[in-house]
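One structure is given below, encoded as structure tokens.
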Amino acid sequence: MSHDHDDRPQLTAAQAAAVLNPPPGRNGGDLVVETLQGLGATTVFGLPGQHALGMFDALRRSSLRYVGLRVENNAGFAADAYGRITGEVAPLLLSTGPGALTSLAALQEAAAASAPVLAISSQIPTAGLGGGRHGYLHELRDQQASVRDIVKSVHTVRTASQIPSAIAAAWESALTAPHGPVWVEIPQDVLLAETTLPVVSAMDASPRELYPRPELTVAAAHLLSHAERPVIIAGGGVVRSDASGKLRALAEKIDAPVVTTFGGKGAFPWEHPLSLRSWLEDRHTTDFLEDADVLLVVGSGLGELSSNYHTFRPRGRVIQIEADAGKLESNHPALGIHSDAREALADLLEAVERREDAGAAERVRTVLEKVRVRIEAQELTLEQQVLAAVREALPDTAPSFWDMTILAYWAWSAFDARRPNTMHSAQGAGGLGYGFPAAIGAAAADPTKPVLAVSGDGGAMYSIAELATARQYDLPLTWLIVDDGGYGILREYMTGAFGETTGTELARPDFVALAESFGVPAVRTAPESLAADLAKALAAPGPSVVVLPALLRMFEPTHL
């Protein structure tokens, strides 16, 4: 068998000489950072720990920028946001045992939201691996077992020469659709041991492309071309694959109304005549979707939130395009197309016949009017005023990161993201504490734009420590804290279900004074002055905090 070597990287004479005479004083940690640099990484997140010091010492000898957070879970949220904003792999350096385990909730969110996070964790020394009870600091019987259910793939290293290949394989896994978090483990002694291996040069870890099968495209195009009432549900996969332009072109070619899921915010223009916006937690929208004779679902598994809490029962044919094979037909029978959203939409756009429906825009207006009347009947003026103030203050291109808080639940349905890939929340896994550390990751990814984080007072307490991080790196982000004295949404849930609450009321600090103690400017605002105060904070350099004391209510659900 002959091999074609022409496309392999060739070394210059100077590079060859460097290979034969690698610089002294390098260790396994250097192989980690050299591999990351060779794969194209520029920024890493993390937190040092005793077993991981070989990696952190090697950062000194690299060109990688390190952003260190104060809690591993927050470092994971920052890496998640960096991956979402850039579409690139976000390396996350962790220590063994408690350090590794503290990152798991963030990795669950990265998995649910398909964010490409590359977690590289240290391990106890090689001699202790295998489940024996040696009593090493941070020792777990099987550290991998704790992460295996969360991440896409696990890669174990036992010798220095395995490091570049393991990291490259993990990198490729993280970037292959659907994106997701991956895990690499390297023992302490391997990271610290001196190495005479050549410096790692360019690495190839190109992700596998995921194309639709042509016969499925033909079948889907036929259904859509001959549909009477086609509708499109656009999920997060459209945003992640940068396919919003192709989505719009397809919707306009077949005159199909489009609703975006909460993860797909910004995938379709909010003010477009065919835009049903994001009112998925609304029976009028659900009825409209059920009435479609052909429903195209792109980049969504139609999970709990996207299906109005599993009350959605489509009566027509469903076509589902999804990169995660496990989500195909997981909730509804469909013509399942296992593909990256961008590739599938590109093929569909070519294959469908133009279809004109003069009444489509009018049907969309009718649904949106019904939604408006339903919400207005509930006297929720304050909530709409606050959300409008945030929209007014936030520049169109500025990314926003929303914690699990009542204002975020409003934003899922009612906030105009205006641009794809600018509005992100923790609605994938639904854990608290996401907003502010995620905003740190986004600000590190692109420090030329202001970034907004939105939290409640309960969620804010998860990440107060990261005010020090924001100040240390002088990042351009503003943190809006809506202070209602407790876990507001749980207060509503418990009152509705049991008539009284338990565990929802919280003592909390003076957030303005606390922020100022970190050297972060802060202001207490009111609904009437929120837009001006927020705009001023977003325009100022460096980090800032805006505190809004307000008791917001959720709109009435329709699924109960």
Subject >> Evaluation of Asp287 against (1) open to solvent by 20 Å² or more (accessible area, probe 1.4 Å); (2) of a type outside the set (S, T, N, Q); (3) within 21 Å of the chain's Cα centre (by Cα) (one fails), failing number >> reply: (3)
**OP:** Give, as residue ranges, the helices (runs of 4 or more DSSP H) completely inside the range 165-265 that count at least 1 residues that are farther than 29 Å from His424 by Cβ and in contact with a strand residue (DSSP E or B) (Cβ under 8 Å, 6 or more places away or on another chain).
**Re:** 188-192, 214-225, 244-254
**OP:** Might you let me know whether the range 518-540 holds any residue that is at pLDDT below 95 and not in a strand (DSSP E or B)?
**Re:** no
Original post:
Does the range 290-301 include one or more residues that are without any contact (Cβ under 8 Å) to a residue 12 or more places away in the chain, open to solvent by 60 Å² or more (accessible area, probe 1.4 Å) and over 25 Å from the mean Cα position of the chain (by Cα)?
Top reply: no
Original post:
Residues Gln320, Gln378: which one is polar (S, T, N, Q), more than 28 Å from the chain's Cα centre (by Cα) and not in a helix (DSSP H, G or I)?
Top reply: Gln378
Original post:
Cβ-Cβ below 6 Å, separation at least six or inter-chain, first residue in the range 509-523 and within 18 Å of Pro476 (Cβ to Cβ), second in a loop (DSSP other than H, G, I, E, B) and of a type outside the set (A, V, I, L, M): which pairs?
Top reply: Val520/Pro543
**OP:** Could you give me the residue pairs with C-beta distances under 9 Å whose first residue belongs to the range 120-146 and is within 18 Å of Ala160 (Cβ to Cβ) and open to solvent by 30 Å² or more (accessible area, probe 1.4 Å), whose second residue is charged (D, E, K, R) and assigned to a loop (DSSP other than H, G, I, E, B) wherever it lies, and which are 6+ apart or on separate chains?
**Re:** Thr126/Arg158; Leu129/Arg158
Original post:
Looking at Ala202, Ala234, Ala193, Ala219, which is the one that is out of contact with any Lys or Arg (no Cβ under 8 Å at 6 or more places or on another chain), under 26 Å from Ala292 (Cα atoms) and open to solvent by 20 Å² or more (accessible area, probe 1.4 Å)?
Top reply: Ala219
Original post:
When you go through (1) over 16 Å from Ser278 (Cβ atoms); (2) open to solvent by less than 30 Å² (accessible area, probe 1.4 Å); (3) in a loop (DSSP other than H, G, I, E, B); (4) of a type in the set (Gly, Ala, Ser) one by one for Ala358, which number turns out not to apply?
Top reply: (2)
Subject >> the range 68-86: number of residues that are open to solvent by 10 Å² or more (accessible area, probe 1.4 Å), assigned to a helix (DSSP H, G or I) and in contact with a Leu (Cβ under 9 Å, 6 or more places away or on another chain) >> reply: 2
Subject >> Evaluation of Leu305 against (1) within 20 Å of Phe268 (Cβ to Cβ); (2) crowded, with 21+ Cβ neighbours inside 10 Å (one fails), failing number >> reply: (2)
**OP:** Confirm whether Ala292 is modelled with pLDDT of 95 or more, of a type outside the set (Asp, Glu) and farther than 29 Å from Leu552 by Cβ.
**Re:** yes
Subject >> Cross-chain or 6+ apart pairs with Cβ under 6 Å, the range 524-543 first and of a type outside the set (A, V, I, L, M), then part of a loop (DSSP other than H, G, I, E, B) >> reply: Asp533/Thr525; Gly542/Asp474; Pro543/Leu475; Pro543/Val520
Subject >> Number of the exception - Ser241 against (1) open to solvent by 40 Å² or more (accessible area, probe 1.4 Å); (2) over 28 Å from Ser63 (Cα atoms); (3) among the polar types (S, T, N, Q) >> reply: (1)
**OP:** Give the range 100-119 a look and list any residue that's open to solvent by less than 10 Å² (accessible area, probe 1.4 Å) and not in a loop (DSSP other than H, G, I, E, B), or say none.
**Re:** Ala100, Ala106, Leu107, Glu109, Ala110, Val117, Leu118, Ala119
Original post:
Restricting attention to the range 163-186, which residues are surrounded by fewer than 17 Cβ atoms within 10 Å (Cβ to Cβ) and more than 23 Å from the chain's Cα centre (by Cα)?
Top reply: Ser165
Original post:
Do you know which residues across the range 288-314 are touching a strand residue (DSSP E or B) at 6+ places or on another chain (Cβ under 9 Å), over 16 Å from Gly236 (Cβ atoms) and either assigned to a loop (DSSP other than H, G, I, E, B) or of a type in the set (Ser, Thr, Tyr) (or both)?
Top reply: Asp291, Ala292, Asp293, Pro314
Subject >> Lone unmet requirement of (1) within 20 Å of Asp242 (Cβ to Cβ); (2) more than 10 Å from the chain's Cα centre (by Cα) for Ile120 >> reply: (1)
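The values are calculated or read from the model by the stated rules, or taken from the named source; none is laboratory data. What you see is a predicted model, and the numbers here were worked out from it, not measured in a lab. Don't worry about glycine lacking a Cβ; one is built from the backbone with ideal geometry, like all the others, and counts go over all protein chains shown. What goes into the accessible areas is simple: the full protein's heavy atoms, side chains included, and nothing from ligands, DNA or RNA. Shrake-Rupley method; radii C 1.70, N 1.55, O 1.52, S 1.80 Å.
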